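Written below as structure tokens is the structure these notes are about.
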Amino acid sequence: MKAAICYELGAPLQVEEIDLARTGKGQVKVRVAATAVCHSDVHDIKGELPGPRPFVPGHESAGYVAETGDGVTSVKVGDPVVVSLMKSCGECYYCLTGMPHLCDKMMVPPEVPVMCTKAGQPLVAKGNIGGFAESVLVDKSQVVKVPAEMPLDRACLLACGVSTGFGGVVNRAKVRPFNSVVVIGTGGVGINAIQGAAYTGASPVIAVDVLDKKLETARVFGASHTVNAKSSDAAEQVRRLTAGRGADFVFVTVGSVAAIKQGLTMAGKRGQVVIIGLPPAKDTLAFSPLELIPTERTLTGGFMGSANLRIDIPRLVDLYRSGHLKLDELITARYPLAKINEAIESTERGDALRNVIVF
Ligand SMILES: [Zn+2]
Ligand SMILES: [Zn+2]
């Protein structure tokens, strides 16, 4: 089977034949149908997030179950599934209290490396998936069955970008009707935060970006107002659109500490600023605690849309099928694995909402 490997940070991925381990207890082998390119993949490949090499990136996948190990009852061979990095043990405090996205075992790699080169060198499967590969071997908690009618190039988007944006608004922040919402950044995650805010009945839903073209797209996904942060004082515009108060919720979906600082200035009293986009690991943020105390603002993070996969993926599939969640419009282009470096370059340039590798 073929996979795209990152041997050297910042260099193009190498597509080559690799070996997949035998399907062990509690594991599921999936023949990949589609894996989307996420900005976190770009961060990984450029070395902006920590982790050993060589590795196979890709964590936004969907495919068909090819093999199940002992103890797997939730899916069977042939089932179409979404594959997520959200591995959960079902036994830790967070799993038992309904927060499997915070599972203590989430990032723990399997005991036996699941991928290795033909020369026998172990490969890290990023996100415990390694989705830029023809097949993957994952924990049973990472797969969720979807209906046969669900197109898998769209289903894969639910594994990360859509869940993170939509779930950040709905699950993490629990936005209510008539809450005012600002979304900073209208890329693959931001646009889904906008969809989530519009779906909950938030008003206004204000999209902030620096490119007018992206702001036009934000309107298609449910933004009621748009602010170009380059051509105007964005915080001032947000206050004007929220009766002078500032927003109830600000979602920062771009991986930049400057955007987080800007987000703080946009939140009103008791406003919540939720950091969703991953900044480079070396970046730090300085701000005065006085920005939080007299206003009772909250600054927090949101991870993977606080999703509970077995509950949230079927809900998102239902929303898509009933026309309440746009997925078709999220896909900018489809690429074969052989052209993965073109797909990644386009994502890095910010040209795409989502590029999808199809197998
Ligand atoms: Zn991702
Ligand atoms: Zn757990």
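The values are calculated or read from the model by the stated rules, or taken from the named source; none is laboratory data. For clarity, every value in this text was computed on a predicted model and none was experimentally measured. In this analysis, Cβ positions are derived from the backbone assuming ideal geometry, glycine residues included, and neighbour counts consider all displayed protein chains. These accessible areas exclude ligands, DNA and RNA; they are computed on the full protein's heavy atoms, side chains included. Shrake-Rupley method; radii C 1.70, N 1.55, O 1.52, S 1.80 Å.
Descriptive notes on the structure:
- Sites A119 and A243 - FRET efficiency at Förster radius 51 Å, r taken between beta-carbons, to 0.05: 0.20
- With DNA, RNA and ligands ignored, accessible area of F359 (1.4 Å probe; Å², nearest 10): 90 Å²
- This model, with +1 at the C-beta of Lys and Arg and -1 at the C-beta of Asp and Glu, gives segment 220-359 a dipole about its Cα centre of some 240 debye.
- Antiparallel bridges, percent of DSSP beta bridges restricted to the chain (to nearest 5): 55 percent
- Among V81, A62, Q14 the positive-end extreme of the charge dipole of segment 1-97 (Cβ point charges): V81
- Net charge dipole size for the chain [Lys, Arg +1 and Asp, Glu -1 on Cβ; Debye, nearest 20]: 740 debye
- The percentage of C-alpha pairs in the chain whose separation is greater than 37 Å is 17%.
- Note that segment 258-359, at 20 °C in a medium of 1.002 mPa s, gets a Stokes-Einstein diffusion coefficient of 125 µm²/s from its Kirkwood radius over C-alpha pairs.
- When the Cα positions of A267, F221, A159 are compared along the charge dipole of the chain, A267 comes out farthest toward the positive end, with charges on each C-beta of Lys, Arg, Asp and Glu.
- Length released on extending from R22 to T284, taking residue separation times 0.36 nm less the Cα-Cα span: 90.1 nm
- Carbon plus sulfur fraction of accessible area for the chain, probe 1.4 Å, in percent: 52 percent
- Once the Cα atoms are used to define both axes, helix 190-200 deviates from the longest principal axis of the chain by about 70 degrees.
- Here is the P(r) of segment 286-331: all C-alpha pair distances, binned every 5 Å from 0, give 5, 16, 14, 14, 12, 9, 9, 14, 7, 0 in whole percents.
- Heavy-atom accessible area with a 1.4 Å probe sorts K174, K214, largest first, into K174, K214.
- MRE, 222 nm, helices only [DSSP H, n ≥ 4, -39500 (n - 2.57), over the chain, to nearest 500]: -6500 deg cm²/dmol
- Summed over the residues of segment 259-321 and divided among them, the accessible surface reaches 52 Å² per residue at a probe radius of 1.4 Å.
- Over segment 187-232, accessible surface divided per residue gives 40 Å², non-protein components excluded, 1.4 Å probe.
- Set of lysines near K282 by C-alpha distance (under 21 Å), chain-local residues within fewer than 8 positions excluded: K46, K126, K261
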